1. Given a 10 angstrom Cα cut-off, can you work out which residue in Phe107, Phe75, Phe47 is the most mobile in a GNM of the chain?
2. Compute the FRET efficiency between Lys91 and Glu9 as 1/(1 + (r/R0)^6), taking r as their Cβ-Cβ distance and R0 = 35 Å, and round to the nearest 0.05.
3. Given a Förster distance of 35 angstrom, what is the FRET efficiency for Arg153 paired with Ser82, based on the Cβ-Cβ distance and rounded to 0.05?
4. Which order, highest average first, do 116-129, 91-104 follow once you tally other Cβ atoms within 10 Å for each residue and take the mean per peptide?
5. For Kirkwood radius over Cα pairs in Å, pick the label among (1) 17.1; (2) 21.9; (3) 18.9 that corresponds to the value derived from the coordinates.
6. Taking θ = phi - 60°, what integer Hz values does the Karplus form 6.51 cos²θ - 1.76 cosθ + 1.60 yield along segment 54-61, in sequence order, with x for Gly and Pro?
7. Extension gain Asn34-Thr109, at 0.36 nm per residue separation less the Cα-Cα distance, in nm?
8. Using the Karplus equation 6.51 cos²θ - 1.76 cosθ + 1.60 (θ = phi - 60°), what ³J(HN,Hα) coupling, rounded to whole Hz, does each residue of segment 24-31 give in order, writing x for Gly and Pro?
Amino acid sequence: MTPLEKILEWFDAQDLKIKSDFVPICSHFHTNENIQLEFDREKQIEFFREYIKEENLKPIEVVRRTLFLKSLFNFTMDSRDSEEGWEEARKINKKINDELESEGKGFGTYDTFMLDYEERKSKWIDWSNKWKLLLNSNLSDKAVGDWYFLSIRK
């Protein structure tokens, strides 16, 4: 199994609601701008998956994408992997919402953020922990390097 296949397996194991949060955040910094430009969430997720599952890549490209995705995912999950991080996000969202409302520009974003806050928080933390396990085992720098050197010797 290639490192990208392992990433895809981890990604596919999560429910659609969390992917619908995750992919738009990642898309801001993704090298494939088409992901960010797509407004349909299901299509956006599929474009994201296609980047991971693209077939017939040379081993060097598999490693490049793996290293890029590792950094992108770590960046995206920062502060979303703990109770403390989620509480900080809640406070920031509340502050922004209060400021917008005081300016007459309230859009109810905080209410939307809080609708399923506990469920999303729990799922994000669980998914982040699974990511950390994958990083520390199958996607460690050593594991990716070993995979690369074994694959080019074939």
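1. Of the options given, Phe107 has the highest mean-square fluctuation.
2. Values: r = 35 Å, r/R0 = 0.99.
The computed FRET efficiency comes out at 0.50.
3. On the way: r = 41 Å, r/R0 = 1.17.
The value I calculate is 0.30.
4. Values: 116-129: 15.6, 91-104: 12.2.
The packing order, highest mean first, is 116-129, 91-104.
5. So the calculated entry is the one marked (1).
6. Karplus values, whole Hz, x for Gly and Pro: 3, 8, 6, 7, 5, x, 5, 6.
7. Numbers: separation 75, 0.36 × 75 = 27.00 nm, distance 2.57 nm.
Once the chain is fully extended between Asn34 and Thr109, it gains 24.4 nm.
8. With coefficients 6.51, -1.76 and 1.60, one gets x, 5, 4, 5, 4, 10, 6, 6 Hz.
The values are calculated or read from the model by the stated rules, or taken from the named source; none is laboratory data. Just so it is clear, the model here is predicted, and its values are computed rather than measured. Reconstructed Cβ throughout: ideal geometry from the backbone, glycine too, with neighbour counts over all protein chains shown. Remember, those area values only see protein heavy atoms, side chains included, never the ligands or the DNA or RNA. Shrake-Rupley method; radii C 1.70, N 1.55, O 1.52, S 1.80 Å.
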